[in-house]
Amino acid sequence: MKELSIKEVHDGTLTILRKIIYVCDQIHVKYYLAYGSLIGAVRHKGFIPWDDDLDIVMLRPDYDVFCQYCLSHEDELQPFKLICRENEDRYPYNIARFNDMRYKAEYQNVQTYDSGMFIDVYPLDGVKAMTPYEIRRLDKKRDYLIKMILWSVDDHYEPSVHNKWYRSAIKYIVRSYAKLRGSRYYLDKMENLKMLYPYDACEYVAEMVWDTKTVLCKKEWFAEGTMVDFEGMKVCAPKDIDGFLKAYYGDYMKLPPIEERVPSHGYKLYKRG
C-alpha cells in the first residue's frame, strides 16, 4: 500500500470533520476546534501545513452524549466509526477517535487495533481553581500514568534516551511491571481523574483523562462558540480563542524552527484496498 500524502490526509480529515459536524447538529451537541488545529485556523485559515491530524474538544456532558449516539448508531454511520475503550478492547487511550474506516492507520510501537483515518475527540471535565503547586502535583501524577500506559501497550522495548546505563535498566524494570499490571489498570486510574471535581459546580474545565499537562480553561469560553474559517469551511471554536491558545501555548503565532515543521504523531495512513 502507498502511504497517503499530507494533502490526501488533509482532504480525508475534512470529510471526517464534516460528518462530525453533521452528527453534532443532529443531536444538538457542541464541538470546538482545539489545540494545534485551532492554531492552524488562526494562523493559516486551515491546517498547519505540516500537521497530520485534527483535534476537537467537547464539554463532558456533550462528549458523553456524542459517544453514546455514535456507539448505538454504529451501523448507520458506516464507513465512519467512533472508536473508544467501550467498543475496542485494545484501544489504548481515554479519549475517543472518530474514524473513516475506508482508510487504515498503522502505528509505531503501539499495540495494534483496527483504526482508520481519524479526528481526536477530547472531553473537558470540571476542575476547581488550583494553585501552581496543586497543578504541579496533578501533572506529576498524570505524567506517571501516561508513561505507564504507553509502556504497557508498546510492542517493543526502546532503551532510555539518556546515556546512563542504569536509566535504561530502571526503564526496563518499570516497563515490565506496567505490562504485568496491564493498560486497563492505568487507563482506569487516569479516567478516574474526571471525577475529582463535580462538573456542574466548577468554574473551570480541563482535559483530564489524557496527556500530562493540566490547563485550566474558563467554562464560559465554551458557553457560546465562535465560527472560524478552516479550509473553506466554517468551524466552531471556543469563544475566547486568544485566551484558550495562550493558556496552552503562550505566543501561539510564533512559528516553530524549520526542523520541527514535520508530522509527529507516530503513524502512517493508507487507503484500504
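The values are calculated or read from the model by the stated rules, or taken from the named source; none is laboratory data. In this text, all values refer to a predicted model and were calculated from it rather than measured experimentally. All Cβ positions, even for glycine, are placed from backbone atoms using ideal geometry, and neighbour counts span all protein chains on display. Accessible surface is based on the protein model in full, side chains and every heavy atom, while ligands, DNA and RNA are left aside. Shrake-Rupley method; radii C 1.70, N 1.55, O 1.52, S 1.80 Å.
Data overview
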{"item": "Helical segments meeting 24 Å axial Cα length and Kyte-Doolittle 0.0 threshold in the chain (DSSP H)", "result": "6-27"}
{"item": "Separation of alpha-carbon centers, the stretch 196-266 and the stretch 8-27, rounded to whole Å", "result": "19 Å"}
{"item": "Cβ-based charge dipole, the chain, positive-most Cα from ILE48, GLN108, TYR35", "result": "GLN108"}
{"item": "Sequence-distant residues sharing a close amide H with SER160 (under 5 Å, placed H)", "result": "SER168"}
{"item": "Shape category assigned to the stretch 216-273 from the gyration tensor of Cα positions, a/c cut at 1.5", "result": "oblate"}
{"item": "Sequence-distant residues sharing a close amide H with LEU82 (under 5 Å, placed H)", "result": "ASN99"}
{"item": "Cα centre as origin, Lys/Arg/Asp/Glu Cβ charges: the chain dipole, Debye", "result": "940 debye"}
{"item": "Charge dipole magnitude, Cβ of K and R +1, D and E -1 - the stretch 39-182, Cα centre, debye nearest 20", "result": "1080 debye"}
{"item": "Percentage relative contact order, the chain, counting C-alpha pairs under 8 Å, at least six apart", "result": "25 percent"}
{"item": "Cα-based shape type of the stretch 123-223, given that a ≥ b ≥ c are square roots of the gyration tensor eigenvalues and the cut on a/c is 1.5", "result": "prolate"}
{"item": "25 Å Cα cut-off, lysine pairs counted over the stretch 1-119 (separation 8 or more, or different chains)", "result": "13"}
{"item": "Cα gyration tensor category, rounded, prolate or oblate, for the stretch 110-161 with a/c compared to 1.5", "result": "oblate"}
{"item": "Nearest-20 debye value, the stretch 123-273 charge dipole, Cβ charges on Lys, Arg, Asp, Glu", "result": "820 debye"}
{"item": "Under-5 Å amide H pairs with LEU54, H placed in peptide plane, nonlocal only", "result": "ASP120"}
{"item": "³J(HN,Hα) computed for each position of the stretch 110-127 - Karplus, 6.51 cos²θ - 1.76 cosθ + 1.60, integer Hz, glycine/proline x", "result": "9, 3, 7, 8, 7, 10, x, 5, 9, 10, 6, 10, 9, x, 10, 9, x, 9"}
{"item": "Backbone N within the stretch 106-127 under 17 Å of label point (7 Å from TYR22 Cα along the Cβ vector)", "result": "117-119"}
{"item": "Whole-number percent relative contact order across the stretch 1-113, with pairs defined as alpha carbons under 8 Å at least 6 apart", "result": "20 percent"}
{"item": "For the stretch 129-185, convex hull of alpha carbons as volume per residue, Å³", "result": "101 Å³"}
{"item": "Trypsin sites (Lys or Arg not before Pro) within the stretch 202-273: DSSP coil, no more than 13 neighbouring Cβ in 10 Å", "result": "LYS213, LYS254, ARG261, ARG272"}
{"item": "Top positive-direction residue, dipole computed over the stretch 162-234 with Cβ charges, set LEU216, GLY232, TYR185", "result": "TYR185"}
{"item": "Accessible surface ranking that places the most exposed of MET148, MET233, MET253 first, with a 1.4 angstrom probe", "result": "MET253, MET233, MET148"}
{"item": "Listed residue (ILE146, SER160, ILE170) projecting farthest to the positive dipole end of the stretch 95-228, Cβ model", "result": "ILE170"}
{"item": "Helical contribution to [θ] at 222 nm, DSSP H n ≥ 4, -39,500 (n - 2.57), averaged over the chain, rounded to 500", "result": "-12500 deg cm²/dmol"}
